[in-house]
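Accompanying notes for the structure given below.
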Amino acid sequence: MPQMTWPRLLSQRRFPDQQLPPTSAAPVRGAFVQDYDRVVFSSAFRRLQRKTQVMPLPETDFVHTRLTHSLETAVVGRSLGRLAARHLLEADGPLAAQLPNLDQDCGDIVAAACLAHDIGNPPFGHSGEDAISSYFASAAAAPYLAGLSAAEVADLQHFEGNAAGFRILTHTYAAHSTGTAGLGLTYATLGAFTKYPKPSEVAAGALIGGASEKKYGHFQAENARFRHVAAELGLLPKDAAAGFYHRHPLAFLVEAADDLCYRIIDFEDGLKLGLIAPETGLPLLKAMLGDPAGRVGSVQWHDWREELGYVRARLIGKLVGEVATIFARHAPAILRGEYDQPLIKELGCWPDLQQVQRLSVARLYRSRPVLEIEAAGFEVLGGLLDAFLAATFDAGAGHRARKLLDLVPDQFRAVGPQAGAPAYEKILLLTDYVAGMTDQNALSLYKTIKGIELPKGF
């Protein structure tokens, strides 16, 4: 029976075609640590500091942004990767002899992939994905989609931040250079990053159900690139020609780190903002710790907010250990492509995590400030896309259209080395531009081109 193998899954080669120098010495700064550093220093990662996690355009310093969420997820992911791999090494002598640094490598790979996991998300949180999808499904966008393939239309009408992230990590704009590597990450990190190793459209008969099929992970423009990554790593195919594969095993840990952080830390945000009552939320988190009745701590708390931080830290530590054990138990089935479920669903406290999620949805995600600004996001992102697409595709572009296009950086236009790009690529370039903006940048540009507010100058 075919299965994935750890030596191949941990490929240190860099996308798209780097050949590793012959050496047996352990590097002081390994390839996967370099991946982490490359993400940190990228402009796309830096922009996450002004992108919404839950509360759009937050006015309090406490509330998490996409950047702080990504950093925390990377910390949790590193621990998950190292602990899970340590379990594998302890249970498998031959594997330990073959890959003695498996625990460190897995921790570094998962940390780098977690750090990048939201790098493709548009402004205004997950509603930003809905706003872009909604625009391309509208009558206003229909003329621009004529002539595109069904799969290309699906990319746009079901816009996915995960696919945009894979594009950022692997794509270099011809207007910038002749390079083709994107951030030039290792194949292992790209594989772990891709939680949904499928395109937006696959044959119904190829679907087998599971966590990795609920979204998609690459646009048609990057289909060949992802198939190249999958071939290098030896991912098991579901429909290789379509770019549809089983997950890299470490993607399960990336998913788990994200799930734990957004469920627990978003909930913490809701408590700190006063949207969830502490007398409701704090006991729910404490219950998941499973402390024995009558346990007396060494510290007496006088501020529930400080106690909340302590409980959250203990809870994440406890769940990291449990998830790592669950992963190790299922690792053989994962390597054979026979397991495809979120690891956190097997936690003993899963019902409590579901209750945390329900409270977050009711009190935080559907709070009036969130809904108001997310609704505005539909107008802002749809308005920007409509203005720039009209200016691009209007054969008789007038003065206004030319002024609008002059506002768009060259790497997002079919000019210079990118001249002659097909319609799909032109649309994708402009979507890259809008989706890559921060919340404030998108709002400010929308107000400017609509004449609502004049720029303040330099």
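From the list S138, S177, pick out the single residue that is surrounded by fewer than 16 Cβ atoms within 10 Å (Cβ to Cβ) and outside the structural domain of K426 (by TED's automatic domain parsing).
S177
Determine which single condition L343 fails, assuming it passes every other condition in (1) under 24 Å from the mean Cα position of the chain (by Cα); (2) within 23 Å of G274 (Cβ to Cβ); (3) not β-branched (V, I, T).
Result: L343 passes all but (2).
Are any residues in the range 305-326 over 24 Å from R78 (Cβ atoms) and loosely packed, with under 15 Cβ neighbours inside 10 Å, and if so, which ones?
Hits for the range 305-326 are R305, E306.
Do we have any residue at all in the range 287-294 that's touching a Ser or Thr at 6+ places or on another chain (Cβ under 9 Å) and acidic (D, E)?
No - not one qualifying residue is present in the range 287-294.
Whether any residue in the range 194-208 is part of a helix (DSSP H, G or I), closer than 24 Å to T431 by Cα and in contact (Cβ under 8 Å) with a residue 40 or more places away in the chain is what I want to check.
No, that holds for no residue.
Examine the range 154-165 for a residue that is without any contact (Cβ under 8 Å) to a residue 60 or more places away in the chain, touching a Leu at 6+ places or on another chain (Cβ under 9 Å) and over 30 Å from P7 (Cα atoms), and state whether such a residue exists.
Within the range 154-165, one or more residues are without any contact (Cβ under 8 Å) to a residue 60 or more places away in the chain, touching a Leu at 6+ places or on another chain (Cβ under 9 Å) and over 30 Å from P7 (Cα atoms).
Identify all residues within the range 444-458 that are outside any loop (DSSP other than H, G, I, E, B) and more than 16 Å from D386 (Cβ to Cβ); write none if there are none.
S444
Looking at F393, is it modelled with pLDDT of 95 or more and aromatic (F, W, Y)?
Numbers: modelled with pLDDT of 95 or more: no; aromatic (F, W, Y): yes.
No: the conditions fail for F393.
Looking at (1) surrounded by 19 or more Cβ atoms within 10 Å (Cβ to Cβ); (2) more than 21 Å from E72 (Cβ to Cβ), which is the one condition that is false for V299?
It is condition (1) that V299 fails.
Taking into account only those residues within the range 294-321 that are out of contact with any Leu (no Cβ under 9 Å at 6 or more places or on another chain) and part of a helix (DSSP H, G or I), which is farthest from L80 (Cα to Cα)?
Filtering the range 294-321 for residues that are out of contact with any Leu (no Cβ under 9 Å at 6 or more places or on another chain) and part of a helix (DSSP H, G or I), the one farthest from L80 (Cα to Cα) comes out as E306.
Condition check ((1) more than 21 Å from N121 (Cβ to Cβ); (2) modelled with pLDDT under 95; (3) under 18 Å from the mean Cα position of the chain (by Cα); (4) of a type outside the set (D, E)) across all residues:
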position: A188; (1), (2), (3), (4): yes, no, yes, yes
position: K195; (1), (2), (3), (4): no, no, yes, yes
position: K198; (1), (2), (3), (4): no, no, yes, yes
position: A203; (1), (2), (3), (4): yes, yes, no, yes
position: G217; (1), (2), (3), (4): no, no, yes, yes
position: F244; (1), (2), (3), (4): yes, no, no, yes
position: L253; (1), (2), (3), (4): no, no, yes, yes
position: D258; (1), (2), (3), (4): no, no, yes, no
position: D266; (1), (2), (3), (4): no, yes, yes, no
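Per-residue answers, yes or no, for (1) under 21 Å from M437 (Cα atoms); (2) touching a residue at least 12 places away in the same chain (Cβ under 8 Å); (3) in contact with an Asp or Glu (Cβ under 8 Å, 6 or more places away or on another chain):
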| site | (1), (2), (3) |
| --- | --- |
| L102 | no, yes, no |
| V110 | no, yes, no |
| H117 | yes, yes, yes |
| N121 | yes, yes, yes |
| S133 | yes, yes, no |
| A139 | no, no, no |
| P143 | no, yes, no |
| A146 | no, no, no |
| S149 | no, yes, no |
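Which pairs have Cβ atoms under 7 Å, sit 6 or more apart or on different chains, and link a residue in the range 168-181 that is in contact (Cβ under 8 Å) with a residue 12 or more places away in the chain to one that is part of a helix (DSSP H, G or I) and surrounded by fewer than 16 Cβ atoms within 10 Å (Cβ to Cβ)?
Correct list of pairs: A174/P417; A175/D410; A175/G416; A175/P417.
Just one of the numbered conditions (1) hydrophobic (A, V, I, L, M, F, W, C); (2) more than 26 Å from C106 (Cα to Cα); (3) loosely packed, with under 15 Cβ neighbours inside 10 Å is not true of I276; which one?
Failed condition: (3).
Quick check on my filter: what residues within the range 351-397 are among the charged types (D, E, K, R) and not in a helix (DSSP H, G or I)?
Listed by number, the residues that qualify are R366, D394.
Among the residues of the range 223-244, how many are buried (at least 24 other Cβ atoms within 10 Å of the Cβ) and within 15 Å of A333 (Cα to Cα)?
1
Would you confirm whether any residue within the range 377-394 is among the aliphatic types (A, V, I, L, M), over 14 Å from A140 (Cβ atoms) and without any contact (Cβ under 8 Å) to a residue 40 or more places away in the chain?
Scanning the range 377-394 turns up no residue that is among the aliphatic types (A, V, I, L, M), over 14 Å from A140 (Cβ atoms) and without any contact (Cβ under 8 Å) to a residue 40 or more places away in the chain.
Restricting attention to helices (runs of 4 or more DSSP H) lying wholly within the range 5-101, give those where 3 or more residues are at pLDDT 95 or above, surrounded by fewer than 14 Cβ atoms within 10 Å (Cβ to Cβ) and of a type outside the set (A, V, I, L, M, F, W, C).
Counting at least 3 such residues, we get 93-98.
Against the definition (over 22 Å from G451 (Cα atoms) and either without any contact (Cβ under 8 Å) to a residue 40 or more places away in the chain or part of a loop (DSSP other than H, G, I, E, B) (or both)), how does K403 come out, yes or no?
For K403, the condition - over 22 Å from G451 (Cα atoms) and either without any contact (Cβ under 8 Å) to a residue 40 or more places away in the chain or part of a loop (DSSP other than H, G, I, E, B) (or both) - is not met.
The values are calculated or read from the model by the stated rules, or taken from the named source; none is laboratory data. The shown structure was predicted, so the numbers you read here are calculated from the model rather than taken from an experiment. Virtual Cβ from ideal backbone geometry, glycine too; neighbours counted across all protein chains shown.
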